[in-house]
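The values are calculated or read from the model by the stated rules, or taken from the named source; none is laboratory data. Just so we're clear, the structure is a prediction, and the values are computed from it rather than from any experiment. Methodologically, a virtual Cβ is constructed for each residue, glycine included, from the backbone with ideal geometry; neighbour enumeration extends over all protein chains shown. When the accessible area is computed, the model is the full protein with side chains, heavy atoms only, and any ligands, DNA or RNA have been set aside. Shrake-Rupley method; radii C 1.70, N 1.55, O 1.52, S 1.80 Å.
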Amino acid sequence: MWLARDEWVFNRGKPNFYKVVESSLRMCFEFKEASSLQIFSPSAPPNQALRVAFWASQIIPSSWAPMLDGSIIVNCNAAFPEVGAAIACIIQDAACCSVDFFAKRVTAPSAQAAEALAIREGSDRPLGFIPFCVPFGLWLGKVVSALISEEKAAEMNFSATDVFKLTYLEGNSWLWEVGGLRILVDPILVGTLDFGIPWLYNAAKKFLKNFQLSDLPEINCILITQSLDDHCHLKTLRPLSQKLPNVRLIATPNAKELLDPLFNNVIYLEPGQSSEIEASNGSQVKIQATVGPVLGPPWQRPENGYLVSSPQGQLTLYYEPHCVYNKELLEKKRADIVITPVIKQLLPSFTLVSGQEDAVQLAKQLCAKFIVPMKNGDLDSKGLLSSLVKSDGTVESFKELLSKELPDAKVLEPTPGVPLDISAP
């Protein structure tokens, strides 16, 4: 049953429920038969059934006794699909009544590491929970009032909304989670990036090559910073609009001609304007537009950057994918988290994407506590333009520059496809 569930959740393979139940019952019967065997013959063929019989005869007790009053059960589990990882824990008393639980996304390099994190956090959990509860022996299947006050419970509930979970999808694409909302940013998830002229430039992702629209969780908002193809990617947005025609979309007014034919619920923000998005749990996330680069003649409207504030205002995130900003307009702004490129991308006599010392000054001006560097030029690219673009600087050289100007700030490098959790310090 667990295998069928995982196949459904992670691979979108809907199981045949009748076959799953039939197979489970048959396996239960075989296990019961195996557990009754007390002798294992080394000379017998080393098949799976005999190995199971021997294992069962060694560890299955001949009788069962209930747990002692005051005992607790800590049931830990982990999930490790292709994108990200998650752990969960259910804590029960001796009467098998649930007294606590948690579930969270984590960063883990393997399924074994995710399991280890689940066990570690699950084993630590009861020690922090017991002082706030009545003794476990008083539960006995009845609902019991915890000793935490309503104010404290509300405070704990809202603190969970002030966490940003940032998943880098390569290029300029992100999936942000905050306050119960999932925000998809500048998505490029279908085909390659070619600006409609593949002979000049054609780029594909290096790591998330198999990531598809169907791999996305439920999306509450789409955020578009610029009107060009590397941000407003029509190969992705057309099928996305068919799947989510009424999703809230916040964008630069420069993309109006591209987005109006596709989506029904678009809000165009000029720099300084803001919009609030409400999650199903009632929390609200504020998104304010800032000034981005001018991609064209000087009189053209600038593109957007964004300030995103968590529901309780404990965390604010700043994002602009070219590291181009107006110092005067950001003078009174603050951001705990700054997502910015730190490696410059240069054409002869022209800067495509800034970084390095400009990224340091941006973080310093916003009094950033966390800087998340994005490598939006790190793609498998080909074409004439690709051969002309040169990189300047590294993440390590950025860290060295930052340490001199903002020594207490932390640089958190994202791994493509792996959620990065940032909470209020």
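Of all residues in the stretch 291-326, those satisfying the criterion of being β-branched (Val, Ile, Thr) and open to solvent by 10 Å² or more (accessible area, probe 1.4 Å) are VAL291, VAL294, THR316, VAL324.
Can you tell me how many residues within the stretch 245-257 are assigned to a loop (DSSP other than H, G, I, E, B) and surrounded by 22 or more Cβ atoms within 10 Å (Cβ to Cβ)? The number of residues fulfilling the criteria is 1. Entry remark, the stretch 344-403: residues being of a type in the set (S, T, N, Q), in contact with a Phe, Trp or Tyr (Cβ under 8 Å, 6 or more places away or on another chain) and open to solvent by less than 40 Å² (accessible area, probe 1.4 Å) number 2 in total.
Of all residues in the stretch 221-241, those being open to solvent by 10 Å² or more (accessible area, probe 1.4 Å) and either at pLDDT below 95 or closer than 11 Å to LEU295 by Cβ (or both) number 4. ASN326 fulfils the conditions (1) under 19 Å from ALA289 (Cα atoms); (2) touching an Asp or Glu at 6+ places or on another chain (Cβ under 7 Å) except for a single criterion, (2). For the stretch 101-136, filtered to residues that are outside any helix (DSSP H, G or I) and at pLDDT below 75, the residue that is surrounded by the most Cβ atoms within 10 Å (Cβ to Cβ) is ALA108.
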